[in-house]
Every structure is written in C-alpha cells, then in structure tokens.
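Student: Take this structure, written in structure tokens, and hold onto it; I'll ask about it next.
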Amino acid sequence: MKNYPLSLSIRNVSKTYANGTQALDNVSLDIPSGLFGLLGPNGAGKSTLMRTLATLQEPDEGQIFLGNIDVVNQKEEVRETLGYLPQEFGVYPKVSAEELLDHFAVLKGIINRAERREVTETLLKQTNLWDKRKQKLGGFSGGMKQRFGVAVALLNNPKLLIVDEPTAGLDPAERVRFLNLLGELGENSVVILSTHIVEDVSELCTHMAIINKGQILLEAQPMEAVAALKGRIWHKLTDKSTLPALEQAHQVISAKMLAGRTMVHVYNQESPGNGFEPVEPDLEDLYFSTMAGHYVQPQTLKEEKK
C-alpha cells in the first residue's frame, strides 16, 4: 500500500473574538508536507490560525483536516501527532536541559526509562544541545531556548509541527542554526513557520502564504511568485526629502535607508521613468507588492494551486 505524504487542508475558517476583532476571515489553505511559510505583519491573524491548528481554540466557522483527521472535532488524535512551539514559552531556569526534557518525555507518555534516555539523547543531539545538556536553562541564550523548545515539540515524533515567530530576537548565527534545523525537520512532516520576517520564508520555504487582517492575500510557491514580478519592480537611490513626492507620483512599495540615502522600490508594469532602473525582484518585493494590493496572482499559479 502506497504511503501518501501528509497534508493539511484548511477550508473557510473564520474567528471573531468577544471584543469584536475578526482575527480570521474565511481562510482557506492547502499545506503540503515540507516547510510552509505563513508571512504577515503583527496582528495579521497568524497566531490565531496557529493556535486553532494546535487545537488550543476553535474556529467560529470552517473545517480543518490533517490527512483524514478532523482537527476541530478530533483534538486528541491531532495532539498525538502535533508539535507546537508558541511565540512565548516558559522554562524552569534552575533545571538542566536534560532533566526538563526527560520530565516532558514522561508527560508525553514515554514511561520506560531506557527508551526515555534514548529519545532525550537523540533530540538533544538533533537540536545541537547535547554539549549543554547539564547546563541550567536559565543560562541559555535565546537561540538555545528556541532549540530546546523544538526538542520538546519533537518528543512525540509529530507529523505536524507548528512554530510561531521562532526567530524574533535571535542573533544572526542563532537564526541560521534554527532555520537549518527546521529545514531538516520539513523533510518528513508538515512544518508551518509563522513569521513577520521575510528572510525566514525566502531561505527555506517551498510553499507560502501572505496573510493580513485575517485574510489570505496570496498562496504560492515563493520563487514562482517572485518570478512573476520580473519587469515590474524598479528602484532608485534618492534623498529622504523627495520621498513624499515620489509616493504621490508612483506606486511605492518600500523605502529604506542605504548609506545615508533612501532606496525606493516601486511597482509598475512599464518603466516609470524619473531615474528609476529595473531591479531583479525578491521575496521582499513580492511581500510589499501584495500588502499594497498591487500584485495579482497569475492565473497559471492559481490553477497549479487547485
């Protein structure tokens, strides 16, 4: 019997909180095995969707299926194969990594001591924490704590791993190590990376979606979607004082400081003139074009997604 890759299907999911905030508005996504990036600004609805997928809250409407498992109505079955690393999680600062991971293993139902020792050793090595296993968690750096969180999330060998804003606050070296770890994990399961950092998605994710104000604006394979922008992104190095006039005259999607001046990117289907030059688009251009409402997903990409 053929073993088909697991996938996650989200259909017409909505969620409104008691204060009237609509966090999710008719969200539909197809998430295959591998690393999937959910990209959007703070407050876009990312964490609400992650908590819903992790069975920590229920949607008001909609259906979610992990393979054949109904996520909304079969929570225990989901939790048996779920790993979840929230944006904020606590650790016991006076306990060593090895001791606390062993404790969590017991809570996960790994009662046999020899089996537990083998599992904790494997995970601490996989997350590159074996040499620090005797160190108290209170002395861990931000990146080490995040990797310990992944070790905890992997205790039950999950087929669905959810990580919410995992690289916020990490230094560049820690961020690279953490993303490499997620990339390895994505080879055998569905891994959802929720982030507002464009580079996290561009470097690893084979599929992605952009969410804002609770709605999915784009669902695509990153490099294909970026390629569809070719010939439509133009840039110009200018003084900050000219920015208001440029924003009046052009569809400015981003402006950032560069060596004391301002690099302006605009979206236009033909040359905007005014000293702008063509530039090879990247995922940041795709993100800002989509957020500004300029990018329209090509029909070919829409058909491939169906």
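The values are calculated or read from the model by the stated rules, or taken from the named source; none is laboratory data. This is a predicted model, so every value here is computed, not measured. Here the Cβ is made from the backbone with ideal geometry for all residues, glycine too, and neighbour counts use every protein chain on show.
Student: Give the stretch 172-200 a look and list any residue that's among the small types (Gly, Ala, Ser) and touching a Pro at 6+ places or on another chain (Cβ under 7 Å), or say none.
Tutor: The answer is Ser189, and nothing else.
Student: Has the stretch 177-200 got at least one residue that is farther than 30 Å from Gln22 by Cβ, hydroxyl-bearing (Ser, Thr, Tyr) and in contact (Cβ under 8 Å) with a residue 60 or more places away in the chain?
Tutor: The answer is yes; a qualifying residue exists.
Student: Let me ask another. Go through (1) part of a strand (DSSP E or B); (2) within 20 Å of Leu185 (Cβ to Cβ) and name the single condition Ser14 misses.
Tutor: So Ser14 meets the others, but not (2).
Student: If you don't mind, another one. Looking at the stretch 106-117, is at least one residue in the same structural domain as Val201 (by TED's automatic domain parsing) and within 26 Å of Cys205 (Cβ to Cβ)?
Tutor: No.
Student: For the stretch 153-175: of the residues being part of a strand (DSSP E or B) and among the hydrophobic types (A, V, I, L, M, F, W, C), which is surrounded by the most Cβ atoms within 10 Å (Cβ to Cβ)?
Tutor: Checked the stretch 153-175; the qualifying residue surrounded by the most Cβ atoms within 10 Å (Cβ to Cβ) is Val163.
Student: Keeping to the stretch 52-69, report how many residues are surrounded by fewer than 18 Cβ atoms within 10 Å (Cβ to Cβ), touching a strand residue (DSSP E or B) at 6+ places or on another chain (Cβ under 9 Å) and not aliphatic (A, V, I, L, M).
Tutor: Qualifying residue count, the stretch 52-69: 7.
Student: Of the residues Glu277, Glu270, only one is of a type outside the set (A, V, I, L, M, F, W, C), modelled with pLDDT under 95, more than 29 Å from Thr21 (Cα to Cα) and out of contact with any strand residue (DSSP E or B) (no Cβ under 6 Å at 6 or more places or on another chain); which?
Tutor: Glu270
Student: Pick from the stretch 191-218 the residues that are over 25 Å from Val176 (Cα atoms) and in contact with a strand residue (DSSP E or B) (Cβ under 8 Å, 6 or more places away or on another chain): which of them is surrounded by the most Cβ atoms within 10 Å (Cβ to Cβ)?
Tutor: Gly214
Student: Follow-up question, since we're still on this one. Which of the residues that make up the stretch 106-127 are crowded, with 16+ Cβ neighbours inside 10 Å and of a type outside the set (Lys, Arg)?
Tutor: Ile110, Val119, Thr120, Leu123, Leu124, Gln126, Thr127, listed by residue number.
Student: Need a quick list: strands (runs of 3 or more DSSP E) entirely within the stretch 220-282 having at least 3 residues that are surrounded by fewer than 17 Cβ atoms within 10 Å (Cβ to Cβ).
Tutor: Result: 252-258.
Student: For the condition surrounded by 12 or more Cβ atoms within 10 Å (Cβ to Cβ), within 18 Å of Asn157 (Cβ to Cβ), modelled with pLDDT under 90 and not hydroxyl-bearing (Ser, Thr, Tyr), what is the one hit in Leu85, Leu101?
Tutor: None of the others qualify; the one that does is Leu85.
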